[in-house]
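Worksheet for the structure shown next.
The values are calculated or read from the model by the stated rules, or taken from the named source; none is laboratory data. As the structure is a computational prediction, the values presented were derived from the model and not from experiment. Because the Cβ atoms are built from the backbone with ideal geometry, glycine has one as well, and the counts that use them run over all protein chains shown. Keep in mind that these areas ignore ligands, DNA and RNA; they rest on the heavy atoms of the full protein, side chains included. Shrake-Rupley method; radii C 1.70, N 1.55, O 1.52, S 1.80 Å.
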Amino acid sequence: MTYNEETAYYKMINHLLAVHGFTLARAEDDLRVCWLEKKQNGITHVVKLNYRTFTWANHLKQDILKTANQIQNMSKGLFARKTRIYNVYFGEQEPADDWSKLKKPMIIKSKRPIPMQLYYLDGSSYEKESEKLFRHLKLDDKISLTSADEHELEVEKSRLRSLLVQQQADQAVFHRKKPLLVYILIGICVVMFLLETLLGGSTDSAVLIELGAKYNPLILAENEWWRIISSMFLHIGALHLLTNMLSLYYLGTLTEQIFGHRRFFFIYILGGIIGGLGSFAFSDSLSAGASGAIFGLFGALIYFGVVYPKLFWRTIGNGLIVILLINLVISFSASHVIDVFAHLGGLAGGFASALLVGLPGKRNTRARIGGTLLSIAFIAGLIWYGFTGPVNDALRHVLNVEDALRQNDYSSVISDATLALSEGESVYEPMLLFNRGLAYYKTGDMDKSAQDYERLVTLTPEDHAAHYNLALVLQAEGKLEEAMKHAKRAVELKPDNSQYEQLQQNLSQ
């Protein structure tokens, strides 16, 4: 066959892309220069292919130096690891004068020295140089000499143009919008953390409740549902803030670039809401943090993978799934300190909200209707289960007890508190003991009242009100010495309380 440098050039590019897994890093508008890249065994192989004939060695030298300069000016991240450059020319003929010195490998000075090897393919050297290139790239095949057939040339050109169009479309998907809102969300979380610190510390439960952490008693008793949203911007400890903000930065910038500003914000908030409702329905612990909303971003990116499966697995798929699985394993293994239900709820909510808003340029009415129904089902189902499920069962008894206490219905206080306490230990046990002990006192059953308050001061020895009430009960029973001990303790814990001082004085007389 006769050699045609243009056909050989396009055929080589398409072969490296299609057969050997190289990716097209960049290309000039006229397609006469293309950069291919492949990472293998810790080494980044960069192949620059040039379709150009050089008459004189000096012109070739100038182009080689230009390439070296381009490499030095490229992003440092590209060459952060071990890199090798393969500078390949396709010419009609080699330079007329001596250019043997240019054939020697050169070292480009950069952050790390980068070796570059020259290959010049023309009619006489094509087989030899292409075999050398493939050998250096550790490729086990070769490309035969190509003809000057016009049809073959157009086929190879068309393949490369199609790839460029697809690459530009892929880049457009990942760069629809520059991230903006993610930085605002990070800023809000940091400001709120500083406010927590100023008010007494981010690990102080009272501070967290005051600023809007998720706290089931206030959600159920006072209808403070806004806590589901406000808790997304609070964090418990500096490490909690740091890990969540790093996750928000990496996942958030990617999600905002893909979905755009408004869709990203909607996904973040709705995913966080469903995550917060998951925590409300399945956990009675005080909780705060952006992790539910961040898992919502995981869900949105998984939906992106459903819409663009090939692009997803070719780009972010493997890494994203691995990170998600690691986070889920950590969440389940440390469920005693991590709100795993907020994570799972956020993951499901993020997928549903992404289905609802859709991806830019993808109008799918059925998907949006499905996303709307799924989001409503999650929200309604979690609220219903939060009201009726076992997690908040003890809390409902507490609310019934407090309501009965306000109405001076002491028999109902005793029956509801007894029912709640019979279901086992809970965070509400001290509150139930306090109110039942008071109800026993009001109904004249001093022995049972004393039992409840003695149990209470054992559970919460720093509760000044419990010591005071126990002193009152013991005084009524005539056990003045024991009553005096608890009255003194109440004064020690709350020295500015006049009632406590008055009881102490009465007992000392």
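Consider residue 40 against the criteria (1) surrounded by fewer than 16 Cβ atoms within 10 Å (Cβ to Cβ); (2) more than 13 Å from residue 83 (Cβ to Cβ); (3) not small (Gly, Ala, Ser): it satisfies all of them except one. Which criterion is unmet?
Result: residue 40 passes all but (2).
Among 294, 376, which is the only one that is in contact (Cβ under 8 Å) with a residue 40 or more places away in the chain and under 25 Å from residue 219 (Cβ atoms)?
On the way: 376 fails: in contact (Cβ under 8 Å) with a residue 40 or more places away in the chain.
The match here is 294.
Out of the helices (runs of 4 or more DSSP H) lying entirely within the range 260-353, which hold 1 or more residues that are touching a helix residue (DSSP H, G or I) at 6+ places or on another chain (Cβ under 9 Å), buried (at least 24 other Cβ atoms within 10 Å of the Cβ) and modelled with pLDDT of 90 or more?
Details: elements: 261-282, 291-307, 309-314, 317-333.
Of the helices (runs of 4 or more DSSP H) lying wholly inside the range 260-353, those with at least 1 residues that are touching a helix residue (DSSP H, G or I) at 6+ places or on another chain (Cβ under 9 Å), buried (at least 24 other Cβ atoms within 10 Å of the Cβ) and modelled with pLDDT of 90 or more span 261-282, 291-307.
Being touching a residue at least 24 places away in the same chain (Cβ under 8 Å) and open to solvent by 20 Å² or more (accessible area, probe 1.4 Å) is the filter here, so list the residues in the range 442-456 that pass it. Quick ask: steps written out before the conclusion?
Step one: list which residues in the range 442-456 are touching a residue at least 24 places away in the same chain (Cβ under 8 Å), which gives 442-443, 446-447, 449-450, 456.
Answer for the range 442-456, where residues must be touching a residue at least 24 places away in the same chain (Cβ under 8 Å) and open to solvent by 20 Å² or more (accessible area, probe 1.4 Å): 442, 443, 446, 447.
Select from the range 1-37 the residues that are over 24 Å from residue 92 (Cα atoms) and open to solvent by less than 20 Å² (accessible area, probe 1.4 Å) and write down the one among them that is modelled with the highest pLDDT.
Checking each candidate, the answer is 22.
Go through the residues of the range 196-219 one by one and say whether even a single one is at pLDDT 85 or above, under 18 Å from the mean Cα position of the chain (by Cα) and open to solvent by 40 Å² or more (accessible area, probe 1.4 Å). Don't jump to the end; show me each part of the working.
Narrowing the range 196-219 to residues at pLDDT 85 or above: 196-219.
Retained after the next criterion (residues that are under 18 Å from the mean Cα position of the chain (by Cα)): none.
Scanning the range 196-219, I find no residue that is at pLDDT 85 or above, under 18 Å from the mean Cα position of the chain (by Cα) and open to solvent by 40 Å² or more (accessible area, probe 1.4 Å), so the answer is no.
Can you report the number of residues in the range 426-450 which are under 15 Å from residue 463 (Cβ atoms) and among the hydroxyl-bearing types (Ser, Thr, Tyr)?
1
From the list 404, 439, 487, 417, pick out the single residue that is more than 30 Å from residue 283 (Cβ to Cβ), of a type outside the set (Ser, Thr, Tyr), open to solvent by less than 60 Å² (accessible area, probe 1.4 Å) and in contact with a helix residue (DSSP H, G or I) (Cβ under 6 Å, 6 or more places away or on another chain). Step through it out loud before you land on a result.
Details: 404 fails: more than 30 Å from residue 283 (Cβ to Cβ); 439 fails: more than 30 Å from residue 283 (Cβ to Cβ); 417 fails: more than 30 Å from residue 283 (Cβ to Cβ).
Going through 404, 439, 487, 417 in turn, just one is more than 30 Å from residue 283 (Cβ to Cβ), of a type outside the set (Ser, Thr, Tyr), open to solvent by less than 60 Å² (accessible area, probe 1.4 Å) and in contact with a helix residue (DSSP H, G or I) (Cβ under 6 Å, 6 or more places away or on another chain): 487.
With respect to residue 65, is the statement that it is part of a helix (DSSP H, G or I) and open to solvent by 10 Å² or more (accessible area, probe 1.4 Å) true? Spell out the reasoning first.
Working: part of a helix (DSSP H, G or I): yes; open to solvent by 10 Å² or more (accessible area, probe 1.4 Å): yes.
Taking the combined requirement at face value, the residue satisfies it.
Which ones in the range 214-229 are outside any helix (DSSP H, G or I) and either among the small types (Gly, Ala, Ser) or more than 17 Å from residue 429 (Cα to Cα) (or both)?
Residues satisfying the conditions are 214, 223, 224, 225, 226.
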